[in-house]
Amino acid sequence: MQHSRWRFHALIFILFFSGLLLSIFRHIEYQVPWLPGESLTTWSLEARVELLAGDDPVSVRLARPTDQPGFTRINESTASPGFGVVYQNTPDRIEWTKRSATGTQTLFYRTEFLVDNAQTGSEPPAPSLPTVVWQEPYNTAAEQLLQSVHARSADPISFAQQLFLTLKQKDNPTGQNISLLKNAQPDSATLAVKLLNQAEIKAATIRALRLEDGRRRQQLVPLIRVWVSDNKSVIFDPRSGQQGLPENHIIWQSAGLPLLEVIGGENSSVNFAIIRQQESITGAVRAQHDNSHDLINFSIHSLPLEEQALFKTILLLPVGALVVCLLRILVGLRTSGTFMPVLIALAFIQTSLVTGLVGFLLIVFTGLMLRGYLSQLNLLLVARISAVIISVIAIISLFSLVSYQVGLSEGLKVTFFPMIILSWTIERMSILWEEEGTKEVMIQGGGSLLTAIIAYLAMTNEWVRHLTFNFLGMQLILLSFILALGNYTGYRLFELFRFKSMVKDKQNAN
């Protein structure tokens, strides 16, 4: 017996902590907040490509950003009338093609990124080390500059930092060499990468977009990625020499991938627009799940919207079941039927509480009157229940028609009541009336209504609805609570009144 109790308690423990861990994992991994009403920050980025076509086949390739530390791509789209569009993943870019185009062509690419602190991204592999060739006197200037930097560094990271600082300084012993090299290569980022490669350090130019709300016609900021090993790299800002991606920047063009390639056009250009948005948790999480196919990423958000709306109500049933267990096992409240109050609470959700209460009382009272007449006919059980069901349908139809005729549109909502459950409720109450009397009918009927109201309040709580819909692990937690309540063998709250006189007699005796 003790062994079976131990296994039972172990099951409760496993269910509770499994649900808790799944919920915590979903909160951390997918940034789902614990409280409703919170919003997530998303950045809407748009690239505008313009080119002049000359009545020839046109092919345009644009680098596109992907998941990276702190950001998760949740959506992307394009506006390009008459062009074929292909999204390429290796490497990440979008390609537009058209058999014949004339004049100015404008192409749009839009993507949305969710600010996701849990996103780590993937480290790009190190490129092959290119051969660097300078003509004289540039080769001599580069060698002297690299020797000076090498003497002040200890590893590839410190070498890159010292090189950026040296290129930034104006008054230094190597100033003439720097000026000479900049004449040969005006772009400072390209010059720095070329010098790093000459020093046998793998490096490449990448480009990032500064995230600033409402900005238009922005250009990408050149950065430099330096590889410490084949699978580990560090980003530098060549303008300041600082290590790491600058704050509020997102990498658009990865290393080794040109930003824009145009075939069949000229005078091409690309600029960017940025908008910051506060998106609801539902929309952000749904978009995030649309782009995630992990086995552990099971969520209601991955279902079609119609099924999501259905499950949003179904997932509230365990909450109502827990309320019934608490009131019946701990409080000792008597109800007509075990879980009939939960179904009535679901009907209240559809109709609103006041309309549901009025409709429920009218239907049950009228049904009891008709059931009293049917009992005089001495019908068999199946026929009597069938007659009650038809009567309930007729009552609901009659109430709906009358309320519509008098202009009470709320009365139409009584059709949401479960007719079969109402029929069985009327049958049970009628039998109870005949066997136990009116008092017992009032006790169980009142207990059912009170339980339904409490379950309705719990199931319509915004926090409860948020947790049950967004964290499927909560179902395991609710199950563990219900199993634990099923093991309770103590006194119910209402049973304590039975011993009130005993307590008084004991106090008087003392």
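Every number in this text was worked out from the coordinates using simple rules, so none of it is lab data. Just so it is clear, the model here is predicted, and its values are computed rather than measured. Cβ coordinates were reconstructed from backbone atoms using ideal geometry, including for glycine residues, and neighbour counts include every protein chain displayed.
Extension gain for the segment Leu35 to Ser18, taken as residue separation times 0.36 nm less the Cα-Cα distance, is 4.1 nm to one decimal.
As a length-normalised measure over Cα pairs under 8 Å and 6 or more apart, the relative contact order of the range 311-494 settles at 42 percent. Rounded to two decimals, the Cα-based Rg/Rh of the range 52-157, with Kirkwood Rh, is 1.17. Compute the separation of the alpha-carbon centres of the range 326-382 and the range 43-59 and state it in Å as a whole number. The two parts, judged by their Cα centres, are 66 Å apart. Restriction of the trypsin sites (Lys or Arg not before Pro) in the range 133-172 to DSSP coil positions whose beta-carbon has at most 12 other beta-carbons within 10 angstrom yields Lys170. 3J(HN,Hα) along the range 9-19, derived from phi through the Karplus expression 6.51 cos²θ - 1.76 cosθ + 1.60 where θ = phi - 60°, amounts to 5, 5, 4, 4, 4, 5, 4, 5, 6, 5, x Hz, with x in place of Gly and Pro.
The residue list Met442, Ser397, Met459 was ranked by how far each Cα lies along the charge dipole of the range 311-494 toward its positive end, using unit charges on Cβ atoms, and Met459 comes out on top.
Computed on the range 31-107, the Cα convex hull volume stands at 114 Å³ per residue.
For the range 174-213, backbone nitrogen atoms closer than 19 Å to the point 7 Å from Thr131 Cα along Cα-to-C-beta are found at 194-203.
Tell me the relative contact order for the range 54-185 as a rounded percent, counting alpha carbon contacts under 8 Å between residues six or more apart. Once normalised by length, the contact order is 25 percent.
For Leu211, the amide hydrogen comes within under 5 Å of the amide hydrogens of His249, Ile250, counting only partners 5 or more places away or on other chains and with H modelled in the peptide plane. Can you check what the Kirkwood hydrodynamic radius comes to for the range 320-373, Cα pairs only, in Å to one decimal? Computed over the range 320-373, the radius equals 12.4 Å.
Extending 7 Å from Cα along the Cβ direction at Asp55 and again at Ser375 yields two label points whose distance is 9.5 nm. Each Lys and Arg contributes +1 and each Asp and Glu -1, all at the Cβ; summed about the Cα centre of the range 311-494, the dipole is approximately 200 debye. Calculated FRET efficiency, Tyr87 to Glu266, Cβ-Cβ distance, R0 = 41 Å: about 0.95 to the nearest 0.05. Residue exposure proxy: Trp227, Trp424, Trp34, ordered by other Cβ atoms within 10 angstrom of their Cβ from fewest to most, comes out as Trp34, Trp424, Trp227. Label-to-label distance, Glu435 versus Asn117, with points set 7 angstrom from Cα along the beta-carbon direction: 6.0 nm. Where does the charge balance sit around Leu432 when Lys and Arg score +1, Asp and Glu -1, over other residues with C-beta under 14 Å from its C-beta? With Lys, Arg at +1 and Asp, Glu at -1, the neighbours total -1.
Put simply, the C-alpha atoms of the range 311-494 give a gyration tensor, and the ellipsoid matching it has half-axes of 30, 22, 13 Å, longest first.
Add +1 for every Lys or Arg and -1 for every Asp or Glu among the other residues with Cβ under 13 Å from the Cβ of Ser448, and state the total. Here the count lands on +2. Taking other residues whose beta carbon is less than 10 angstrom from the beta carbon of Thr72, and scoring Lys, Arg as +1 and Asp, Glu as -1, yields -2. A simple rule links phi to the HN-Hα coupling: the Karplus curve 6.51 cos²θ - 1.76 cosθ + 1.60 with θ = phi - 60°, which for the range 122-137 gives 10, 7, x, x, 6, x, 6, 7, x, 8, 9, 10, 10, 8, 6, x Hz, with x for Gly and Pro.
3J(HN,Hα) along the range 350-358: 7, 9, 5, 5, 5, 4, x, 5, 4 Hz, from the Karplus curve 6.51 cos²θ - 1.76 cosθ + 1.60 with θ = phi - 60°, whole Hz, x for Gly and Pro. The H on the amide N of Arg93, modeled in the peptide plane, is under 5 Å from the matching H of Arg64, Gln88, each at least 5 residues off or on a different chain.
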